[in-house]
Amino acid sequence: MLRHMPKHAAQLDQVFRALADPTRREVIERLGSGPATTSELAAPFAMALPSFTQHLAMLEGAGLVASEKQGRTRTYRLAPSGLDTAEDWLAGRRRTWEQRLDQLDQFLIDQQESS
């Protein structure tokens, strides 16, 4: 398991880096409605297409979106499994904090009972 941790950490970093940008989060939100072409995704943003495609490349590199090219048109769709790494990491943090809060709760109950 430890052999896979550096790859896992790098993938986790890539997902969070991709989601750190508001433009990329908006693209993810838009793709929640269904697949869209590059130009459809770029339309609401005031930036040059080459700059916008860099955002798409980062999302695809992080495994959050997938694309398919037919002729000269590239269509993007969500790749929900790309969020699994982040979801697993967040779930682990949640379990840790829930356990700590349960321990604190028990400690406070024990203190109150002994008073």
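Some points to look at:
- Taking every DSSP helix (H) stretch of at least 4 residues in the chain, weighting each as -39,500 (n - 2.57) and dividing the sum by the residue count yields a mean residue ellipticity at 222 nm of -21000 deg cm²/dmol.
- Between E26 and D88, the simple label model (points 7 Å from Cα in the Cβ direction) yields a spacing of 3.3 nm.
- With Cα atoms, 0 to 90° folded angle of helix 49-61 axis to the chain main axis: 40 degrees
- The order of D84, D102, going from fewest to most other C-beta atoms within 10 Å of their C-beta, is D102, D84.
- Volume per residue for the range 17-78 equals 75 cubic angstrom (convex hull of Cα atoms).
- Between T53 and Q99, the distance separating the two model label sites (each 7 Å from Cα on the Cα→Cβ line) works out to 4.8 nm.
- Relative to the compact-globule estimate of 2.2 N^0.38 Å, the Cα radius of gyration of the chain comes out at 1.54.
- Ranked by how many other Cβ atoms sit within 10 Å of their own Cβ, fewest first, the residues W97, W89 fall in the order W97, W89.
- Spin-label model distance (nm) - K69 vs S115, 7 Å beyond Cα toward Cβ: 6.9 nm
No value in this document is a laboratory result; all are computed from the given coordinates. It should be emphasised that the depicted structure is a prediction, and the values quoted were computed from it without experimental measurement. As a convention, Cβ positions derive from the backbone with ideal geometry for all residues, glycine included, and neighbour counts pool all protein chains shown.
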